[in-house]
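**Q** Okay, handing you the structure first.
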Amino acid sequence: MDFPILSVLIAAPLVAAVIVGFLPKNRPNLVVPVGMALSAVPAGLVAWLFTAFENIGPAQFSEGKVLIPQLGVWWHLAVDGVSLPLVLLTAVLVPLSIGISSRVSDNPKLLVAMILFLEAGMFGVFLAFNLILFFVFFEAVLIPMYFIIGIWGSENRIYAAIKFFLFTAFGSAFMLSGILYLGAQHLATTGFWSFEYSDIFNSVELSAGAEAWLFWAFALAFAIKVPLFPFHTWLPDAHVQAPTAGSVLLAGVMLKLGTYGLIRYNLVLFPQASVDYMGIVAVLAVIGIVYGAAVAIVQPDIKKLVAYSSVSHLGFIVLGIFSMTRSGAAGAVLQGVNHGLITGGLFMLVGLLYERRHTKKIADFGGLAKPAPILAGVFLFLSFASVGLPGLAGFPGEFLILIGSFGTLPWAAVIGATGVILAAVYLLWAYQRVFTGEPTVEENRAVRDLSAGEKLLFVPLIVLVLVLGLFPRILLDKIEPSTDAIVEYVVSSTSGVSE
């Protein structure tokens, strides 16, 4: 294919951000509709990419151009079954995040532009097949999210933004040292620098000690981004202080940058270390599952409850990746998409509740199903999906993860399964306290239901949650050839793993 669709996919949000920046200052009402319309361009490109993508393992639509030949830095983009679902998720959630920002009065042009810049960076992370290029995009996404939290967040937004930035930048410093080491090893082996993913994979041989420290250098950066226990402490602050659009994109897509990195880089580049340390990672994942769910149960703040639910659900995804089984890896990628849709929708609802009541305390609500039955119904629908009700999107991914994990890490699968039970406790109990019964506070009697525009924002989420719950093969057929190849490579090139 001659048309550079992947480069255009990254460039389209950047061009859209510039166009938004030139909208007239006296017409702020144009910003959100124009931003949504422009974000439909990359969404359309991704839709075409999805239909044209062949269900095979190797990466497709490869584009390459030398940027710094002396150092082996290429503009190399490609997409496979691990990255395509996450590119699709990004394209779906960005227009919804812009739409949910319609009531932002403080410089809406800058907010929409930052969301579009963030979209370009997230596309770049999932499409880059050069380690330096990947690192640049991996770090670039920090900048717009820092400003989204720091400018449009709540009262402690500056603290949350700085904490978010410092945590993630700290981990990335270790990954950068690992990337430079790999490039230097390629130089020592072949006589020339290269940071190409395939060159590192094919040419660099590592000692056991080098592979171990490289594994942890990369894993630390990705574990913080996930965030995996005990590196999760930045996430609740960031979520609680972020505006609704920031929370949607943070939970929906940015956390998946970490899980994507674990399966793309840790498993493939450091297979023996991945097997050697799979038990340690599984312990951290299981602690995250149970701890996140337990803390969510006792949260008095509904936004923080949803934030800790993300910690719990991301633990499932990491467990699936390090189960070293085909079903576990495929389930992890699928669950990344499902979690993004479901949790992104829950954060949108929490944002709408805050707009109506100017509080996030669960005790301040009650009986909202009477004045706002549609809002309550959507919240209950997404809660059922989050707890893994069969027929909705949350079920097939977690089921595959637990089945896969039981084959190699039975203790982790059994303990992790308790997270499903705890999820039902914290979400349904929250629903009961917020929506059921009679309104006891006068302000709750006057809560508005979803407007026509707000209903339209939830239609694609509801449809996708239903479709992916009933027909997960739509994505699994794209995912499995790539994840199967990764797991087969890890198993065949190491010892001590059985499927």
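The values are calculated or read from the model by the stated rules, or taken from the named source; none is laboratory data. Computed from a predicted structure; not experimentally measured. Cβ atoms come from the backbone with ideal geometry, glycine included; neighbour counts cover every protein chain shown.
**Q** Return yes or no: is Leu187 at pLDDT 90 or above, over 28 Å from the mean Cα position of the chain (by Cα) and not small (Gly, Ala, Ser)?
**A** So Leu187 passes the test.
**Q** Does Val459 satisfy the criteria of being at pLDDT 90 or above and either within 22 Å of Ser83 (Cα to Cα) or among the acidic types (Asp, Glu) (or both)?
**A** When the stated conditions are applied, Val459 does not pass them.
**Q** Condition first: out of contact with any helix residue (DSSP H, G or I) (no Cβ under 8 Å at 6 or more places or on another chain) and over 24 Å from Leu86 (Cα atoms). Now tell me which residues in the range 26-61 satisfy that.
**A** Selection gives Asn26, Arg27, Asn29, Leu30, Pro33.
**Q** Further question on the same structure: For Leu368, indicate whether it is out of contact with any His (no Cβ under 9 Å at 6 or more places or on another chain), crowded, with 23+ Cβ neighbours inside 10 Å and more than 30 Å from Arg473 (Cα to Cα).
**A** yes
**Q** Here is a follow-up. How many residues does the range 448-499 hold that are of a type in the set (Gly, Ala, Ser) and part of a helix (DSSP H, G or I)?
**A** So the count comes out to 6.
**Q** Let me ask something else. Of all the residues that make up the range 103-115, how many are buried (at least 18 other Cβ atoms within 10 Å of the Cβ) and part of a loop (DSSP other than H, G, I, E, B)?
**A** Number satisfying all stated conditions: 1.
**Q** If you take the residues of the range 283-314 that are without any contact (Cβ under 8 Å) to a residue 60 or more places away in the chain and in a helix (DSSP H, G or I), which of them is nearest to Thr325 (Cα to Cα)?
**A** For the range 283-314, the residue satisfying everything is Ile287.
**Q** Find all pairs meeting these conditions: Cβ atoms under 8 angstrom apart; at least six residues apart or on different chains; first residue within the range 420-442 and without any contact (Cβ under 8 Å) to a residue 40 or more places away in the chain and crowded, with 19+ Cβ neighbours inside 10 Å; second residue in a helix (DSSP H, G or I) and not aliphatic (A, V, I, L, M).
**A** Val420/Glu398
**Q** Considering only helices (runs of 4 or more DSSP H) fully contained in the range 165-282, which possess at least 3 residues that are touching a Gly at 6+ places or on another chain (Cβ under 6 Å) and of a type outside the set (Asp, Glu)?
**A** 208-225
**Q** When only residues in the range 347-365 that are part of a loop (DSSP other than H, G, I, E, B) and in contact (Cβ under 8 Å) with a residue 60 or more places away in the chain count, which is nearest to Tyr308 (Cα to Cα)?
**A** Per the criteria, the residue is Lys360.
**Q** I would also like to ask the following. Out of the residues in the range 315-339 that are part of a helix (DSSP H, G or I) and more than 16 Å from the chain's Cα centre (by Cα), which is surrounded by the most Cβ atoms within 10 Å (Cβ to Cβ)?
**A** Here the answer is Gly328.
**Q** Could I ask something else about it? Just to be sure I understand, how many residues within the range 74-102 are over 13 Å from the mean Cα position of the chain (by Cα) and surrounded by fewer than 23 Cβ atoms within 10 Å (Cβ to Cβ)?
**A** 5
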